[in-house]
1. Among the residues of segment 26-67, which ones are modelled with pLDDT under 90 and within 18 Å of G159 (Cα to Cα)?
2. Given the condition more than 44 Å from the chain's Cα centre (by Cα) and at pLDDT below 75, answer yes or no: does some residue in segment 482-499 qualify?
3. Looking at segment 263-294 only, could you name the residues that are small (G, A, S), in contact with a Phe, Trp or Tyr (Cβ under 9 Å, 6 or more places away or on another chain) and within 15 Å of S251 (Cα to Cα)?
4. Tell me which residues, restricted to segment 320-360, are of a type in the set (K, R) and closer than 18 Å to E287 by Cβ.
5. Being free of Cβ contacts under 8 Å to residues at least 60 places away in the same chain and surrounded by 20 or more Cβ atoms within 10 Å (Cβ to Cβ): is that true of I305 here?
6. Say we look at segment 476-491 and pick out the residues that are outside any helix (DSSP H, G or I) and either out of contact with any Leu (no Cβ under 9 Å at 6 or more places or on another chain) or of a type in the set (S, T, N, Q) (or both); which of these is surrounded by the most Cβ atoms within 10 Å (Cβ to Cβ)?
7. Do any residues in segment 76-95 that are closer than 11 Å to V109 by Cβ have Cβ atoms under 8 Å from those of residues that are in a loop (DSSP other than H, G, I, E, B) and among the hydrophobic types (A, V, I, L, M, F, W, C), where the two are at least six apart or on different chains, and which pairs are they?
8. Given the conditions (1) modelled with pLDDT of 95 or more; (2) over 18 Å from V201 (Cα atoms), report the number of the one that I352 does not fulfil.
Amino acid sequence: MPVSRGPAPDLSHSHHVARWSFSSPLAPLPEGADIPQLSLSDRKLELLVVDDDLPVLKACCEVAAGMGFAVHAANTSEQAREVIRIHAIDVVLMDLRMPGGGLSLLEDVRRVRPRTSVVIMTAFATVSSAVEAMRMGATDYLTKPFAMDELTSVLERAGQRRTFEIEGQRVQGSLRAQAGFGNLVGRSPEMEKLYRIISKVATANHPVLILGESGSGKETVARAIHASGPLATRGFHVLECGQLAPAVLESELFGFTRGAYTGFDRSQVPLLASPEGGTVFLDGISEMPLELQARLMRVLQDRQITPPGAPQAMPLTARVLAGSSRDLAALVAQGQFRKDLYYRLNVVSLRIPALRERREDIPLLLEYFLVRMRRERATTYRFSPEAMEILTSYDWPGNVRELESAIERACALSSGPVLYMGDLPTQMHQKMSTDTAAALTRVDERPSQPSVPAADRPSNPIVSIAELEREAILHTIRQLHGDKLMAAKLLGIGKTTLYRKLKEYGISDI
């Protein structure tokens, strides 16, 4: 049914800008007509209808509300600009021929809300105005008078376009915040840089050298490169060069044929020439024997392999990624790693930042691992403030692997959903003890305790064990800001014992 101009309804109740709630449509769809419903996840898309023809304005708002939009209405350009400024509008349906509006309003919409879908409608359609509107960012065009099914079709397209864009942004944000590529977690500048490089090298086929400290996630990065590239559906193989015996490593990489050596009664296809292709990650490449380095260099250069005993060469089908926690350039200078292989592998090198270099990512990593533990143990774990403080200040020499292990240990030892300092590994207790001891050695500047002149102090004051115990308990509680449960854990005494001691000291509010 065409939308036509008619008597203007009374809009005095809406003042200048209204969020419409309608009782009955001005121009209803034919009986039995089907209005498409937008499928939205966590919120309605917000739509702004802009038209100085009030019957058309209300009819369009009615149809849009029936489709599931959260509808705003404006009958002047000034109202439209105010709505755009205040609300996160997803779709704009606007008349092109309005005083103070038109292309200038479209330009303002694109400037303030660049991701908003804009649908132009006008009764004075010309090719030039349509082209100009599209050039300025309009996504669709309606010519008045238009039928209701035309309107619903255009709004549905605009809504779906915006929905897809929102979902894409949400997925991208989720990847960056939680698992940027594969299971990588972090939003620090160092990790963002790493993500960008991974996205570029993932689609190529040349070798990549992945450098980083032990436990920093070299294999995770290698898996991310594999999963983000064209080989994602094929095999991913990890060879620990420092843990496999040289003969085993040689057989896995280069294969052999039956009868190649005495006692070899079967053949083995080399991983580098596997029919399915895929990716081979050589972790700890610095530990590969020099003679195997020479063979690997030859394979990468010639792009083919000749297994021992084979009558002919086989093509290199796998992509090679290599990882090292040692400085390969220094090893080359020392003659412990082949220079030609180093340059062949170092086409692109990635350096994974140590965890201490991206402390802002530690809370994200903690939450990532806690979510996994919640699924495994059906318990909603969380860290106490003191535990969180030490976790974020600890240097993590073992990097992400050490952090993961610490969380697993804490969850295993915890007696409840709250993870305290006492649940963390011993090395963190030692750090806490060191920090506490350093704090306790500082002068306590309490005015109620005047300093004693040095000449009047005994050189070797004798203090009773009971007094030492009292001071240890009180200082520990002060350092933990009154957390008596944590103090009891750190002191190695029961909670009941701690409260009994405090009662003996006549202290109830510390």
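The values are calculated or read from the model by the stated rules, or taken from the named source; none is laboratory data. Not measured: the values here are computed from a predicted model. Positions of Cβ are backbone-derived with ideal geometry, glycine not excepted, and every protein chain shown enters the neighbour counts.
1. Selection gives D34, I35, P36, Q37, L38, S39, L40, S41, D42, R43, K44.
2. No, every residue in segment 482-499 fails to be more than 44 Å from the chain's Cα centre (by Cα) and at pLDDT below 75.
3. Initially, segment 263-294 is screened for residues small (G, A, S), giving 263, 267, 273-274, 277-278, 284, 286, 294.
Subsequent filtering for residues that are in contact with a Phe, Trp or Tyr (Cβ under 9 Å, 6 or more places away or on another chain) retains 267, 273, 278, 286.
S267, A273 - these are the residues of segment 263-294 that are small (G, A, S), in contact with a Phe, Trp or Tyr (Cβ under 9 Å, 6 or more places away or on another chain) and within 15 Å of S251 (Cα to Cα).
4. R326, R338, K339, R344
5. Details: free of Cβ contacts under 8 Å to residues at least 60 places away in the same chain: yes; surrounded by 20 or more Cβ atoms within 10 Å (Cβ to Cβ): yes.
Considered against the rule, which asks whether it is free of Cβ contacts under 8 Å to residues at least 60 places away in the same chain and surrounded by 20 or more Cβ atoms within 10 Å (Cβ to Cβ), I305 comes out as yes.
6. If we filter segment 476-491 for residues that are outside any helix (DSSP H, G or I), which is where we start, we get 480-483.
Right, trim to either out of contact with any Leu (no Cβ under 9 Å at 6 or more places or on another chain) or of a type in the set (S, T, N, Q) (or both) and you get 481-483.
Values: H481: 9, G482: 11, D483: 18.
Residue satisfying both the conditions and the ranking: D483.
7. Here the result reads S77/M98; V83/I89; V91/L45; V91/F69, each pair linking segment 76-95 to a residue that is in a loop (DSSP other than H, G, I, E, B) and among the hydrophobic types (A, V, I, L, M, F, W, C).
8. (2)
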